[in-house]
Every structure is written in structure tokens, then in C-alpha cells.
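Step one of this worksheet: look at the structure below.
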Amino acid sequence: MQTRSLLGAVAALGLGSAGMANADTVNVFNWSDYITDEVLERFTAETGISVNYDVYDSNDTLEARLLAGSSGFDVVVPTGTFLQRQIGAGVYQPLNRDLLPNLAGMDAELMAAAAAHDPDNEHAAIYMWGTTGIGYNIDKVAERLGEDFEVDTWSMIFDPEIAGQLADCGISWLDSPTDMFPAAFAYMGIDPQSTDAADFEAAAEMMAGVRDTVRYFHSSQYISDLANGETCVAVGWSGDVLQAAERADEAGNDVNVWYAIPREGAMQWFDMMGIPADAPNPEAAHAFINFILEPEITAMITNYVWFPNANAASWPLVDEEIFTDPAIFPTEEVSETLFTGVSYDSRTDRTVTRLWTRVRTGQ
């Protein structure tokens, strides 16, 4: 889920596109703003393996590269629902657990949840996870809805009356139908994991009814816009919104941003590290994944990106303000309201794409 710069790492490590691979190189394709330069530098210093690091901001971009074949990447980080159908297409090779001793530190419950997308966690390990919810400007929302308004609800964006009061200060939605339709289902009281075409039609109609309150659809722009006060409400990924809050605080621009997990239910997603079947350097890929799963390294990443991780061995090393914040690591009570996404078959996928285009364009 993700827009910090990797220019420092590029300069220090000579990072570039995949295809520059050799025996001492690992080619990584990951979400933007999702790692620290220091982690990449330490990996090279400790292993002697250089890193070609490329980034994307949507699962569709990654999937297109993988399904085209010969991507040249050794490690990729798809979200679980996409991983699931890509496994079915033969995109990934099984992990060699003998080369991944740090898997022993992973939380069993979270690994079991991720196994819904990858039975027995055979093909991938959790990189980070999070929720899809609502980022908001505390002061601007309070000005429009009142100090006592409870923001932990999808009504913020789906109720025409409420969204209408917020439209002037800027509402953005993720350009991600696999996040937005389940959110709409949760708001409407429909099973968020539904694949019924009639449910998608109903959700699309509901979203079309508030389309004119949405300033734009984008899956990364909202980070800077929330931080700068350009928008006041965004459907976003938990860590991204909290990064926006951190940026606003560091900028000292009197913008107060925070994140809410809607009480009607929110998606819990997993970003998974996998190795393509045609990876040029699978041994280096395993070395990279195992390095990421070192408790100190995992904690370093969480402390930087503000996304929760599934590496229980790392939790004592995570900054206390992050680990104890229920917006990042949800409480047990909130966790019971979370749901995982489902992988759509080709027919459902076509329906979703058609309806999402209708919602986005307002036609």
C-alpha cells in the first residue's frame, strides 16, 4: 500500500531495472515507499549481493509484468488476493524453507490468515500487512461535521449527506476496485467477500450516487495531499495514511492527520514476498527474503513505513508508539471486524472492471 524516495539507495547501490542481473545481484520489485535505504545498504554490506530495486503503485502493474513472462525479477511483493490467482497461473516457485530459517519468528495466526491466499504458505512470506480504511484531517472534518462526530465509519465517504459536507475540502478514493467494492459491501451490510454480480451492481449504483463528492481516484497521491492539507478525507491503506500524518508533523504546517478503521468492517490485506518461477537468481532471492525476516530488519521497516508486520520476533523491537497504536496494530476487538479479500475469477473480474470504470468516469 506507499511515496518515500529511494534516490539515496539508487545512488549508493547503483539500483536500476531488472535485467542487470548476475550471480551477485538480486532484482526486487516492490511497492513504492515501502522500505528504508538503510535496509538495502545493510543487505549488500552483509551478503555482498547488490540490489536492483524497482517500484510500482498497483497490483495490476506487477501482474502485467509477471504474466508477460521473463520479468527478470527475483523477489516481488503482490497483495494476497493477486498472489492467489497468480499461483494458479504458475507464476511462482515454492519457497525453500531450508533457506529461510527466520520464518520461525512469524506469528502463527497471521500466517494462517495469509494461507487463505497461499495454502500452507508454500509460495510466499508476509512482508507487511495492514487495513484499508479512512485517512482524515482532524480539524477540517471537525469543522464540517462537529467535534463529536465519530469518524470510524464508511458513512464518511458513502453517505451522500455526510460526504456532501466534506466534498469542498477534498475526498479521494483508492483507484482499486478490489478495495473499494468490499468497503462498499461492508457499508451496505453485504458480505464483503461476495462475488455475486448483483451485489457488485448494487454497490456500483451506490458509489455512483456519491461520485460527485470524490475529487480524484489515486492509490498514492493522497499521501502528500493529506499531509499538505490539500484534501481532508481519503480512502487509503493504513501505513500510508500514518506516513502522511508523520510528514505533516515533520513539516510543522499545522495539518493534523489520522487514520480510522471503519466499525462496519475493513479489509485486512497481506503483501507477500514471492519468487517468480523464472527468477534469474532464486538463491539470492531467498537470501533477501530471509534478511527481511530478521527481527531487527523487519522492525526497522515497520518503524519507517508504519505498517504492521507479522514477524512476532520483531515486535519487541518495534517503536512502542507504533506497536501500541490500535490504528496500526488493531486491538483484538477491532481485529474481529476485519475481513480478507478474495481472488476473483475471470468472469467476476470482468464485471468488476466494467463497473469500476463506470463509477470512476461517472457515466
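Here is the figure for segment 308-325: residues that are in a loop (DSSP other than H, G, I, E, B) and either of a type in the set (S, T, N, Q) or within 17 Å of the chain's Cα centre (by Cα) (or both) total 4.
Could you check segment 217-293 for strands (runs of 3 or more DSSP E) lying wholly inside it with 2 or more residues that are at pLDDT below 95 and β-branched (Val, Ile, Thr)? Walk me through it before giving the result.
Numbers: elements: 233-237, 257-260, 266-274.
It comes to none.
Residues considered: ARG247, ARG354. Of these, the only one that is touching a helix residue (DSSP H, G or I) at 6+ places or on another chain (Cβ under 6 Å) and of a type in the set (Lys, Arg) is ARG247.
In this structure, does SER194 turn out to be of a type in the set (S, T, N, Q) and under 15 Å from ILE134 (Cα atoms)? Taking the combined requirement at face value, the residue does not satisfy it.
So, ASN303, is that one modelled with pLDDT of 95 or more and not in a helix (DSSP H, G or I) or not? Before you say what the answer is, go through the steps one by one.
Details: modelled with pLDDT of 95 or more: yes; not in a helix (DSSP H, G or I): no.
No; evaluated as a whole, the condition is false for this residue.
I'd like to verify a number: residues in segment 343-363 that are outside any helix (DSSP H, G or I) and aromatic (Phe, Trp, Tyr), how many?
Step one: of segment 343-363, the residues outside any helix (DSSP H, G or I) are 343-345, 362-363.
Retained after the next criterion (residues that are aromatic (Phe, Trp, Tyr)): 344.
Within segment 343-363, residues that are outside any helix (DSSP H, G or I) and aromatic (Phe, Trp, Tyr) number 1.
Confirm whether ALA116 is of a type outside the set (D, E, K, R) and surrounded by fewer than 24 Cβ atoms within 10 Å (Cβ to Cβ). If you could, list the steps in order and put the result at the bottom.
Values: of a type outside the set (D, E, K, R): yes; surrounded by fewer than 24 Cβ atoms within 10 Å (Cβ to Cβ): yes.
Judged against the criteria, ALA116 is a match.
Table: residues versus (1) closer than 25 Å to ASP120 by Cβ; (2) assigned by TED's automatic domain parsing to the domain that holds PRO101; (3) crowded, with 19+ Cβ neighbours inside 10 Å.
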{"position": "ILE275", "(1), (2), (3)": "yes, yes, yes"}
{"position": "ALA279", "(1), (2), (3)": "yes, yes, yes"}
{"position": "ILE292", "(1), (2), (3)": "yes, yes, yes"}
{"position": "THR302", "(1), (2), (3)": "no, yes, yes"}
{"position": "GLU320", "(1), (2), (3)": "no, yes, no"}
{"position": "GLU333", "(1), (2), (3)": "no, no, no"}
{"position": "TYR344", "(1), (2), (3)": "yes, no, yes"}
{"position": "ASP349", "(1), (2), (3)": "no, no, no"}
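Would you say ASP139 is assigned by TED's automatic domain parsing to the domain that holds ASP254 and surrounded by fewer than 18 Cβ atoms within 10 Å (Cβ to Cβ)? Here the answer is yes, as ASP139 does meet what is asked.
When you scan segment 83-97, how many residues do you find that are touching a helix residue (DSSP H, G or I) at 6+ places or on another chain (Cβ under 8 Å) and part of a loop (DSSP other than H, G, I, E, B)? Break it down stepwise before answering.
Let us first name the residues in segment 83-97 that are touching a helix residue (DSSP H, G or I) at 6+ places or on another chain (Cβ under 8 Å), namely 86, 89, 91-93, 95-97.
Subset that is part of a loop (DSSP other than H, G, I, E, B): 89, 91, 93, 95-96.
Residues in segment 83-97 being touching a helix residue (DSSP H, G or I) at 6+ places or on another chain (Cβ under 8 Å) and part of a loop (DSSP other than H, G, I, E, B): 5 in total.
Please go through segment 41-61 and give me each residue that is more than 14 Å from ILE289 (Cβ to Cβ) and among the aliphatic types (A, V, I, L, M), ordered by number. Listed by number, the residues that qualify are ALA45, VAL55.
Kindly evaluate GLY170 against the criterion of being of a type in the set (Gly, Ala, Ser) and surrounded by fewer than 18 Cβ atoms within 10 Å (Cβ to Cβ).
Against the criterion (of a type in the set (Gly, Ala, Ser) and surrounded by fewer than 18 Cβ atoms within 10 Å (Cβ to Cβ)), GLY170 does not qualify.
Before we move on, is PHE217 crowded, with 23+ Cβ neighbours inside 10 Å and either within 29 Å of TYR56 (Cα to Cα) or hydrophobic (A, V, I, L, M, F, W, C) (or both)? Considered against the rule, which asks whether it is crowded, with 23+ Cβ neighbours inside 10 Å and either within 29 Å of TYR56 (Cα to Cα) or hydrophobic (A, V, I, L, M, F, W, C) (or both), PHE217 comes out as no. Pick from segment 59-75 the residues that are within 22 Å of GLN243 (Cβ to Cβ) and surrounded by 18 or more Cβ atoms within 10 Å (Cβ to Cβ): which of them is farthest from the chain's Cα centre (by Cα)? Ranking the qualifying residues of segment 59-75, first place goes to LEU62.
For (1) closer than 30 Å to PRO276 by Cβ; (2) within 19 Å of the chain's Cα centre (by Cα), each residue gets a yes or a no:
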{"site": "LEU95", "(1), (2)": "yes, no"}
{"site": "ASP98", "(1), (2)": "yes, no"}
{"site": "LEU110", "(1), (2)": "yes, yes"}
{"site": "ASP118", "(1), (2)": "yes, yes"}
{"site": "ALA124", "(1), (2)": "yes, yes"}
{"site": "GLY130", "(1), (2)": "yes, yes"}
{"site": "GLU147", "(1), (2)": "no, no"}
{"site": "TRP154", "(1), (2)": "no, yes"}
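The values are calculated or read from the model by the stated rules, or taken from the named source; none is laboratory data. Please read these numbers as outputs of a predicted model, since none were measured by experiment. As a convention, Cβ positions derive from the backbone with ideal geometry for all residues, glycine included, and neighbour counts pool all protein chains shown.
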